[in-house]
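A.B. asks: A single structure is presented below for examination.
Readers should treat all values here as calculations from the given coordinates under stated rules, not as data from a laboratory. Treat the numbers as computed from the prediction; the structure is a model and nothing was measured. Glycine also receives a Cβ, built like all others from the backbone with ideal geometry; neighbour counts cover every protein chain displayed.
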Amino acid sequence: MKIVKATPTDLNSIVAFNRQFHLDIPGFRWDTKPWIAEQIQKGTFHVLKDGNASYGAICVQTAIYGLPETDAYVETIATKEDLHRRGYGKQLVDYAAELARSEGKSRLVVESFVEYGVGDFYTRCGFDLESTSGKFGDHPYNVFTMKL
Ligand SMILES: CC(C)(COP(=O)(O)OP(=O)(O)OC[C@H]1O[C@@H](n2cnc3c(N)ncnc32)[C@H](O)[C@@H]1OP(=O)(O)O)[C@@H](O)C(=O)NCCC(=O)NCCS
């Protein structure tokens, strides 16, 4: 099992992983082919693999507009639909934390729509729920942070 930087051959599997969290909100781009292809090109997607099989993917931003220099941001995470609760999501989070540390970041941040109901996943992975929250369209999201 290893986590590697995604290449264009990973596009379809990442689209399939990310469709699990699709929401019908105008501007929702995180499961679309063009956005994922662009991120693969930028090198922000990382895939958990066992041989040729892919088990999940995480998108980690370390330099985007508005992101404090001290932060890294998990923009998406999803593991294969029939392989949830096997520790793969945590492996991806641990990898993101290590990647961020190696770039001198002191905080890992993730935002998650409340309706996903996955807050406990983040806290079990070592994130703290922040008191600040936000809204995208009419959909509220929580903010989680992890000190690195
Ligand atoms: C959320 C998601 C990435 C978690 O990945 P996973 O591989 O199932 O998670 P893990 O098996 O590594 O779980 C790590 C810990 O979180 C817990 N956990 C995982 N999913 C959970 C959930 N939905 N609710 C509560 N706890 C959860 C596990 O029990 C485990 O706890 P433990 O360490 O005490 O045993 C996965 O369920 C997924 O892809 N969901 C669909 C897409 C999605 O919602 N992505 C998040 C968008 S913000």
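A.B. asks: Looking at segment 43-89, which of the residues that are touching a strand residue (DSSP E or B) at 6+ places or on another chain (Cβ under 9 Å) and in a helix (DSSP H, G or I) is nearest to residue 107 (Cα to Cα)?
C.D. replies: If we take residues in segment 43-89 being touching a strand residue (DSSP E or B) at 6+ places or on another chain (Cβ under 9 Å) and in a helix (DSSP H, G or I), then 89 is nearest to residue 107 (Cα to Cα).
A.B. asks: Do we have residue 62 as surrounded by 16 or more Cβ atoms within 10 Å (Cβ to Cβ), more than 22 Å from residue 140 (Cα to Cα) and away from the ligand (no atom under 12 Å from the Cβ) here? I'd like the intermediate steps shown before the answer.
C.D. replies: Values: surrounded by 16 or more Cβ atoms within 10 Å (Cβ to Cβ): yes; more than 22 Å from residue 140 (Cα to Cα): yes; away from the ligand (no atom under 12 Å from the Cβ): yes.
For residue 62, the condition - surrounded by 16 or more Cβ atoms within 10 Å (Cβ to Cβ), more than 22 Å from residue 140 (Cα to Cα) and away from the ligand (no atom under 12 Å from the Cβ) - is met.
A.B. asks: Check whether at least one residue in segment 90-97 is charged (D, E, K, R), within 12 Å of residue 48 (Cα to Cα) and near the ligand (Cβ under 7 Å from one of its atoms), and report yes or no.
C.D. replies: yes
A.B. asks: Go through (1) among the charged types (D, E, K, R); (2) surrounded by 15 or more Cβ atoms within 10 Å (Cβ to Cβ); (3) within 12 Å of the chain's Cα centre (by Cα) and name the single condition residue 94 misses.
C.D. replies: Just one mismatch for residue 94, condition (2).
A.B. asks: I want to confirm something. Restricting to segment 9-43 and keeping residues that are in contact with an Asp or Glu (Cβ under 7 Å, 6 or more places away or on another chain) and among the polar types (S, T, N, Q), which single residue is farthest from the ligand (Cβ to nearest atom)?
C.D. replies: Only one residue fits best here, namely 18.
A.B. asks: Of all residues being touching a helix residue (DSSP H, G or I) at 6+ places or on another chain (Cβ under 7 Å) and not β-branched (Val, Ile, Thr) in segment 73-89, which is farthest from the ligand (Cβ to nearest atom)? Just the residue, please.
C.D. replies: 80
A.B. asks: Collect the residues in segment 119-132 that are loosely packed, with under 15 Cβ neighbours inside 10 Å and farther than 20 Å from residue 70 by Cα, keeping them in residue-number order.
C.D. replies: If the condition is that a residue be loosely packed, with under 15 Cβ neighbours inside 10 Å and farther than 20 Å from residue 70 by Cα, then 119, 120, 123, 124 are the ones that fit.
A.B. asks: In the set 76, 70, which member is within 19 Å of residue 28 (Cβ to Cβ) and hydroxyl-bearing (Ser, Thr, Tyr)? Spell out how you get there, then give the answer.
C.D. replies: Values: 70 fails: within 19 Å of residue 28 (Cβ to Cβ).
None of the other options fit; the residue is 76.
A.B. asks: Give just the number: which of (1) surrounded by fewer than 15 Cβ atoms within 10 Å (Cβ to Cβ); (2) within 13 Å of the ligand (Cβ to nearest atom) does residue 112 not satisfy?
C.D. replies: Evaluating residue 112 over (1) surrounded by fewer than 15 Cβ atoms within 10 Å (Cβ to Cβ); (2) within 13 Å of the ligand (Cβ to nearest atom) leaves (1) as the failure.
A.B. asks: When segment 80-91 is examined, which residues are found to be of a type in the set (D, E, K, R), under 17 Å from residue 14 (Cβ atoms) and surrounded by 14 or more Cβ atoms within 10 Å (Cβ to Cβ)? I'd like the intermediate steps shown before the answer.
C.D. replies: Here is the first cut: in segment 80-91, the residues of a type in the set (D, E, K, R) are 80-82, 85-86, 90.
Still in the running and under 17 Å from residue 14 (Cβ atoms): 80-82.
Within segment 80-91, 80 is the sole residue that qualifies.
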